[in-house]
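Below is one structure, written out as structure tokens; comments come after it.
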Amino acid sequence: MNQEKRTVMLTTEYPHGPQFPILRIKTELCTAEISLYGGHILQWAPTGQLPVIFMSPKAAYTPGKALRGGMPICWPWFGKNPEDATLPAHGVARTALWQHAGTEELEDGTLRIILALPPTQELMPSAALIIELGSELLVSLMTMDVQRTMPFSAAMHTYFAVSDYETVAITGLEECAFTEYAADATPHCEDPLIPAGHIDRIYHPVPEEQLITIHDPAWERSINIYRAGSQSAVVWNPGQELATGMADLGAEAARGFLAVETAAVPAENLMLRCGETHRLTTRIQVISIR
């Protein structure tokens, strides 16, 4: 039986200079961009849909600085390093150069891309990102080659593109406890959650099987977020006032996204032991509500 021939375009380009290689992907199912700097998904849109991932138009491509927008990878710690506060916040993955380790087209036309991050410091584990790009987006962050017992936390800090983050609603977190870290947080409708202004919440515990959905009636779609290897979720937007002072964002751009993170935060008290492997996965599905 002859298999139907599909069109897959995968190129490596350097629009921001040689230190920032970007994979550009176009298939029958989707378009996407991945920066090897940071192992960072910059864009993904299923065919016929508006972009699902938001990238700041003011993002600064500067060595040593995390990119604003997309899906930054916080690894192998979230927030401050629990053993050495002088190390960079949210780990080393966001500012490291990952290796393109392999590409495979699956039977349904989904493109699987594997990125690898060898140890960047002594006694540091290695990491791999398995990214499946199709009508859905599946991302698995693998932590491997653990050489010593170590505290571990991580997150996929996904900036979801929305029509206006103050008019969208989030369901799936109504029964979950949270800590609000925004000192200037405004009151929110909680059932469902309708964000406004600065919001910076860690929800924990969030059962792994709990579906989180962003409802965006203006764009006539919902975004379903499935998680595995995660007992936490983060909801964040700086609000327009704070975003005004962020050179790589700006007030107007802040209205165009809502960050909902699949996370394993420090409150989970994860300890990885020598030889163990941890897998953190998010699956993103877009549902049209026309």
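Structure data summary
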| item | result |
| --- | --- |
| Members of the range 197-214 found to be open to solvent by 10 Å² or more (accessible area, probe 1.4 Å) and in contact with a helix residue (DSSP H, G or I) (Cβ under 9 Å, 6 or more places away or on another chain), listed by number | Gly197, His198, Ile202, His204, Pro205 |
| The range 41-62, subset assigned to a loop (DSSP other than H, G, I, E, B) and under 17 Å from Val8 (Cα atoms), residue nearest to the chain's Cα centre (by Cα) | Thr47 |
| Given (1) in contact with a Ser or Thr (Cβ under 9 Å, 6 or more places away or on another chain); (2) farther than 23 Å from Val234 by Cβ, index of the condition Leu129 fails | (2) |
| Any chance Thr186 is assigned to a loop (DSSP other than H, G, I, E, B) and within 17 Å of Gly256 (Cα to Cα) | no |
| Residue within the range 102-113 that is open to solvent by 60 Å² or more (accessible area, probe 1.4 Å), free of Cβ contacts under 8 Å to residues at least 24 places away in the same chain and part of a strand (DSSP E or B) present | yes |
| Test for Leu242: is it open to solvent by 20 Å² or more (accessible area, probe 1.4 Å) and within 20 Å of the chain's Cα centre (by Cα) | no |
| Residue in the range 76-95 that is open to solvent by 80 Å² or more (accessible area, probe 1.4 Å) and within 20 Å of the chain's Cα centre (by Cα) present | yes |
| Residues of the range 76-96 satisfying the condition of being in contact with a Ser or Thr (Cβ under 8 Å, 6 or more places away or on another chain) and at positive phi | Gly79 |
| Pairs where the first residue, in the range 180-196, is over 13 Å from His215 (Cβ atoms) and open to solvent by less than 60 Å² (accessible area, probe 1.4 Å) and the second is of a type in the set (S, T, N, Q) and modelled with pLDDT under 95, C-beta under 7 Å, 6+ apart | Ala196/Thr186 |
| Filtered residue count, the range 1-40, keeping only those that are open to solvent by 40 Å² or more (accessible area, probe 1.4 Å) and in a strand (DSSP E or B) | 9 |
| Scope the range 202-247; condition among the charged types (D, E, K, R) and farther than 30 Å from Glu276 by Cβ; matching residues | Asp216, Glu220, Arg221, Glu241 |
| Selection count, the range 247-290, where residues are open to solvent by less than 70 Å² (accessible area, probe 1.4 Å) and either among the small types (Gly, Ala, Ser) or touching a helix residue (DSSP H, G or I) at 6+ places or on another chain (Cβ under 8 Å) (or both) | 13 |
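The values are calculated or read from the model by the stated rules, or taken from the named source; none is laboratory data. Keep in mind the model is a prediction, meaning the values are calculated, not measured. Counting neighbours? That spans all protein chains shown, and the Cβs are built from the backbone with ideal geometry, glycine included. In case anyone asks, the SASA skips ligands and DNA or RNA and just uses the protein heavy atoms, side chains included. Shrake-Rupley method; radii C 1.70, N 1.55, O 1.52, S 1.80 Å.
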